[in-house]
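Okay, so here's the structure we're looking at.
Nothing in this text is a laboratory measurement; each read-out follows from the coordinates by a stated rule. Keep in mind that this is a model prediction, so the values were computed, not measured. Cβ sites come from the backbone with ideal geometry, for glycine too, and all protein chains shown count toward neighbours.
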Amino acid sequence: MVEVVVDSAACVGAGQCALTAPQVFDQDDDGIVVLLAGVVTDVSAVRQAAQLCPARAITVIG
Amino acid sequence: MSHVVVVGASVGGVTCVQSLRELGFDGDITLLDAEYGPPYQRPPLSKEVLLGGDADDADLLDESALEAIGVEFRPGTPAIGLDVAGRRVRLAHGDLRFDELVLATGGAAAVPAPLTNLIGRGAHVLRTRTDAIALAAALGPDSGLAVLGGGVLGSEIASAAVSRGVPTTLLARPAQTLGPLRGALARPLLPLHRSRGVDVQTDRTRISHGAGRWRIDAGAARLVADVLVVAVGVRAAARWLARSLPVGPDGVRCDWRGRVAPGVWAVGDIADRAGSRHDVSYNTQAAAVVQAREVAGAIAGDPLRVPVVPYFWSDLHGVRVQAAGRIPPDARIEPLDRDDTGAPHVFAVVDDDGTVVGAAAWGSARGFRRARTMLGTALDQEAAAR
Ligand SMILES: Cc1cc2nc3c(=O)[nH]c(=O)nc-3n(C[C@H](O)[C@H](O)[C@H](O)COP(=O)(O)OP(=O)(O)OC[C@H]3O[C@@H](n4cnc5c(N)ncnc54)[C@H](O)[C@@H]3O)c2cc1C
Ligand code: SF4
């Protein structure tokens, strides 16, 4: 189990996170990331989303 | 045990070493950079940092975070040559042996020969953290700024400067492109600059320097500026590789996976990657990040399985410009939506057989998301007109 933190000020609305781990990330009307679950069990998809975020706005702790 | 050497510790190199560890690679990793200080990313340099923000906010991570994942980070250590067959990187003091090498040395500000004497006289460029701090300090309401080059970098500098009250002239081309955006896709650019008070000049310019000021003749206009920034492009930082690898003006040639030679890979701005030229992310941080993850996956034996759509963004005068997918040279541009003034600001890019291959939007997150969902589908004219 890991904790996910998003920096919505750094988010540029690319939407790659919602594509990679739709159970964990969504976007609001302005395209900015919305965290659906802060603590997650499907670690690999979330790590991949963090690695692929072009603004490097996602941090996975643990 | 296997030893991976990564040369270049900006967003490409750092994402690569982090991904290697996250994918379970447990060999040795050495990360080199020519610059000193903690690794940082560049997008904030022309945005938050020029607006007066803290330059440290551009840091990617601190050195202890690299130590914690078992990466030997060596700042202030430029690579000066490469022996591909002998698997050695040449440094100023001795060689470094590798099993796998990742080239991530990116690019440097390109200054065409006739302009190099401007730089010698104190004109600015913007590529590194040091450049950004120097430029931010030079900007003030009492000193006029001229920006040579109206592309992404020049446009972001002009945008940050006018919002700080700096009288700003942008020396652009009449049909100015913005990164991957050209033609109708880039048409909102110059009107946007003008509407926010940037003096845009598109005539041929002559620049001269005297008594601490820049004199600019642009067509009939005669201007003076206290600060000049040259933002006319990037050249790959590949000179150190020219004797050992196939290097062209756009960098090191590699296949679609980033492979250059056995045991040698390239990511980010230095990689001249087969098949990526028309991706909207060509030579952006977004591409460097994905390529770094892909190459780490190839080395660690855990390839990327999710689809990644090429992405581009820029922030100009508070307007977010976004694009996704590809923009082939012969593509057709279909406007999908117009702004309050009736000018098109959301677009679909359509290839020969009517398939939407790209999307772009100026200041419309909603329009962008709608256009992006059309990627890969046949353009539905009726839906497009709605
Ligand atoms: C001001 C600015 C703003 C930008 N804004 C955006 C944006 O909003 N969105 C976006 O997607 N992209 C943006 N970009 C582009 C983006 O920053 C680049 O595409 C990205 O930095 C490429 O990453 P990289 O790791 O390949 O190379 P670089 O970031 O260029 O890093 C290369 C590193 O290698 C080091 N190096 C070079 N030569 C050697 C050597 N011989 N030995 C050892 N080390 C060496 C350098 O010191 C540097 O740290 C911007 C660029 C700039 C300059
Ligand atoms: S991938 Fe990153 S930039 Fe894109 S929406 Fe998600 S958090 Fe924001």
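Scanning the stretch B:1-21 for residues that are of a type in the set (Ser, Thr, Tyr) and more than 12 Å from B:Val289 (Cα to Cα) turns up just one, B:Ser2. In the set B:Leu126, B:Leu115, only one residue is surrounded by 14 or more Cβ atoms within 10 Å (Cβ to Cβ), in contact (Cβ under 8 Å) with a residue 12 or more places away in the chain, within 29 Å of B:Val229 (Cβ to Cβ) and more than 14 Å from ligand 1 (Cβ to nearest atom); that residue is B:Leu115.
Out of B:Gly325, B:Gly318, B:Gly301, one residue alone is within 16 Å of ligand 2 (Cβ to nearest atom) and on the phi > 0 side of the Ramachandran plot. It is B:Gly325. With respect to (1) more than 17 Å from B:Ala136 (Cα to Cα); (2) hydrophobic (A, V, I, L, M, F, W, C); (3) in a loop (DSSP other than H, G, I, E, B), the lone exception for B:Val166 is condition (1). Scanning the stretch B:261-282 for residues that are crowded, with 24+ Cβ neighbours inside 10 Å and either near ligand 1 (Cβ under 10 Å from one of its atoms) or among the aliphatic types (A, V, I, L, M) (or both) yields B:Ala266, B:Val267, B:Gly268, B:Asp269, B:Ile270, B:Ala271, B:Val280, B:Ser281. Annotation note: of A:Val24, A:Val12, the sole residue that is surrounded by 19 or more Cβ atoms within 10 Å (Cβ to Cβ) and within 16 Å of ligand 1 (Cβ to nearest atom) is A:Val12. When the strands (runs of 3 or more DSSP E) confined to the stretch B:258-301 are screened for residues that are in contact (Cβ under 8 Å) with a residue 24 or more places away in the chain and within 14 Å of the chain's Cα centre (by Cα), none reaches at least 3 such residues. Among the criteria (1) facing chain A (nearest Cβ under 9 Å); (2) part of a strand (DSSP E or B), the one B:Val308 does not fulfil is (2).
Here are A:Val39, A:Val12, A:Val33, A:Val24: which of them is farther than 22 Å from B:Val17 by Cβ, within 6 Å of ligand 2 (Cβ to nearest atom) and away from chain B (no Cβ under 11 Å)?
Working: A:Val39 fails: within 6 Å of ligand 2 (Cβ to nearest atom); A:Val12 fails: away from chain B (no Cβ under 11 Å); A:Val24 fails: within 6 Å of ligand 2 (Cβ to nearest atom).
Unique residue meeting the criteria: A:Val33.
Kindly indicate whether B:Ser19 is crowded, with 22+ Cβ neighbours inside 10 Å, within 14 Å of another protein chain (Cβ to nearest Cβ), under 16 Å from B:Pro75 (Cβ atoms) and in contact (Cβ under 8 Å) with a residue 60 or more places away in the chain.
no
Can you confirm whether B:Ser46 is surrounded by 18 or more Cβ atoms within 10 Å (Cβ to Cβ) and within 11 Å of chain A (Cβ to nearest Cβ)? No: the conditions fail for B:Ser46.
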